[in-house]
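Shown next, in structure tokens, is the structure this report addresses.
The values are calculated or read from the model by the stated rules, or taken from the named source; none is laboratory data. Predicted model only: the values in this text are computed from it and were never measured. In this analysis, Cβ positions are derived from the backbone assuming ideal geometry, glycine residues included, and neighbour counts consider all displayed protein chains.
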Amino acid sequence: MKKASLIAILTSIMIMAASAFCFAEDGFDLTYSYPEDGQTNTSMENLGVKLVFSKPLNSDAAKKANADKLAIYDEDGKAIPVQILFSDDENGLVLVLADIDKGFVAKNNSEYKLVISGELIDNDGNALGADKTVTFKTYNQKVNNMVNMAMMFIMFGGIMVLSLKQNNAKEEEEAPKDAPKETAFNPYKEAKRTGKTVEEVMEEQAKKEAKEARKKARKKKNTEVPQEKKIENCAELLNNVYHVHAPAPVNKADRSVEALKALRKAENKKSKSSGSKKK
């Protein structure tokens, strides 16, 4: 008797488990959506929703029956134009996209709602059973622009501050560390310190400044790079270079080497004769 009861109980458990498995296998439901329900800061470009169902619904009959079972509404409750794409490669994948070709423009920081009818069916004719919704909100473009502008100003400001600090540090490194700091001359203070009159103090200061100016001028002159002396007559230093006092003759025959030598010889005689006359 106990054995028969135990067999009956085990049989009932197996039947219930098999029924639950069959129900789960045959169930048609929405398993995934992007954006998720309640998501914010979604993109305004290519506004739409990606849906994944537990059963394929890409047969011709299912596509035709489901053509009006998916819709997107704006925050005023007005349906926007959409395109419904059923994937032939991935079972259960459906894309519901806003149709920009029909003049749709997504609104900034606005809420949209996708409504899936409970009459949506899969390829086997199983209905979804109950309406499902996916609500999402686009991002606030104005706030994003303000944040981006603020970050850009902060970045440029930081770069400018860093550049100024680097320039100041470079100037401090290049400046001689032992250089005395010049202070403004106060004749009244100096007169009080030395017991001299203001006129005497100012006269001494003028002489001191003039002396410093001459000293700086001499130092600057000594540090200047001497310029190379310009050679006025290169014929005195280089061979086969002739210094002529008149243009060469126009006649081609008179421009030969012999003619030029004769011309130079005549010039030398002329210069010697003029020198002897002076004596």
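Odds and ends about this structure:
- When the test is whether a residue is charged (D, E, K, R), surrounded by 15 or more Cβ atoms within 10 Å (Cβ to Cβ) and touching a residue at least 12 places away in the same chain (Cβ under 8 Å), K113 passes it.
- Count - residues of region 116-138 that are surrounded by 15 or more Cβ atoms within 10 Å (Cβ to Cβ) and of a type outside the set (S, T, N, Q): 9
- Entry remark, region 55-95: residues being in a loop (DSSP other than H, G, I, E, B) and without any contact (Cβ under 8 Å) to a residue 60 or more places away in the chain number 16 in total.
Results for (1) at pLDDT below 75; (2) among the basic types (K, R), shown as yes or no for each residue.
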{"site": "E173", "(1), (2)": "yes, no"}
{"site": "T183", "(1), (2)": "yes, no"}
{"site": "N186", "(1), (2)": "no, no"}
{"site": "A191", "(1), (2)": "no, no"}
{"site": "E209", "(1), (2)": "no, no"}
{"site": "K216", "(1), (2)": "no, yes"}
{"site": "E228", "(1), (2)": "yes, no"}
{"site": "A235", "(1), (2)": "yes, no"}
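- Residue list for region 180-221, filter: assigned to a loop (DSSP other than H, G, I, E, B) and exposed (fewer than 10 other Cβ atoms within 10 Å of the Cβ): P180, K181, E182, T183, A184, G195
- When residues of region 18-43 are limited to those that are closer than 25 Å to N140 by Cβ and out of contact with any Lys or Arg (no Cβ under 8 Å at 6 or more places or on another chain), the one modelled with the lowest pLDDT: S43
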